Amino acid sequence: PECASKLMGVAGGLVKLSKIPACNVQLLGAKKKHLAGFSTSTNQQHQGYISACPLVMGTPPFLRKKACRLIAGKCVLMARVDAYGKDPEGKAGREQRDQIAARIDKWQEPPPARIIKPLAVPDSQPKKRRGGRRLRKQKERYGMTEMRRQQNRVNFNTAEEEIMDGEDTV
């Protein structure tokens with residue numbers, strides 16, 4: 001309630017608040033800091049009235065920026081509902097607050113455990129490769145030539161030449 005009254009006071013009324021985009025509502029009440037000579041690592045930008053809201057303060061620090069964006073969007077949405085008299089009892093606002101709290105709780109849950117799937121059974125046959133000019137050229141380049149076949153032949157019942165290379169015999 002105090003956060004809403006501060007936002008309406010800064011914006012200039014409920015109708016004007018409903019016309020402001022959510023990204024700008026997040027900045028309402030933020031103070032510009034002049035950090036002459038000081039470190040900018042502690043500079044907290046986008047810290048307006050919404051960041052002082054109890055819902056945001058109850059979230060962990062790494063989720064606060066995300067929570068501020070969510071609350072700013074819902075705040076503008078509810079300001080539009082209130083400004084044009086669509087919900088005089090305030091039922092929609094309470095529902096939105098519960099949804100915000102549920103969503104923040106959902107963000108804090110650990111992710112589901114990954115299921116380790118077994119590897120598929122490999123195929124026993126080699127995969128068929130498509131033919132074509134490229135494959136034929138590759139086979140020609142790396143394939144066995146007639147000259148290589150002749151060099152690889154071993155003659156039986158004949159003595160091979162021994163080549164002396166330094167101390168080793170080849």
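Please give the residues of the range 101-135, grouped as numeric ranges, whose backbone N is less than 19 Å from a label point set 7 Å along the Cα-to-Cβ vector of residue 62. It comes to 103-114, nothing else.
Accessible area per residue for the chain in Å², computed with a 1.4 Å probe and the full protein assembly in place, what is it?
88
Here the simple spin-label model places points 7 Å from the Cα toward Cβ, and for residue 106 and residue 134 these points are separated by 4.6 nm.
For the set 19/86; 16/91; 31/65; 19/74, the pairs lying more than 19 angstrom apart at their alpha carbons are 16/91. Taking a straight line from the alpha carbon of residue 128, these lysines sit under 16 Å away, with near neighbours fewer than eight places off in the same chain left out: 139. Pull out a ≥ b ≥ c, the square roots of the eigenvalues of the alpha-carbon gyration tensor of the range 89-136, then state rounded if a/c is under 1.5, prolate if not and a/b is larger than b/c, and oblate in the remaining case. The shape class here is prolate.
Which value in Å is the Kirkwood Rh of the range 82-170 over different Cα pairs?
Over the range 82-170, the inverse of the mean reciprocal pair distance is 23.7 Å.
A Gaussian network model of the chain, with springs between Cα atoms under 10 Å, assigns the largest mean-square fluctuation among 73, 93, 143 to 143.
For the chain, what mean projected area does the convex hull of the alpha carbons give, in nm²?
Its average projected convex-hull area is 29.4 nm².
Full extension of the segment from residue 77 to residue 30, taken as 0.36 nm per residue of separation minus the current Cα-Cα distance, would add 14.8 nm. Label-to-label distance, residue 142 versus residue 2, with points set 7 angstrom from Cα along the beta-carbon direction: 7.6 nm. Calculated FRET efficiency, residue 19 to residue 114, Cβ-Cβ distance, R0 = 35 Å: about 0.15 to the nearest 0.05.
The values are calculated or read from the model by the stated rules, or taken from the named source; none is laboratory data. Please read all numbers here as calculations on a predicted model, not as lab measurements. FYI the Cβ positions are ideal-geometry reconstructions off the backbone, even for glycines, and counts take in every protein chain you see. These area figures cover heavy atoms from the full protein model, side chains too; ligands, DNA and RNA do not enter into them. Shrake-Rupley method; radii C 1.70, N 1.55, O 1.52, S 1.80 Å.
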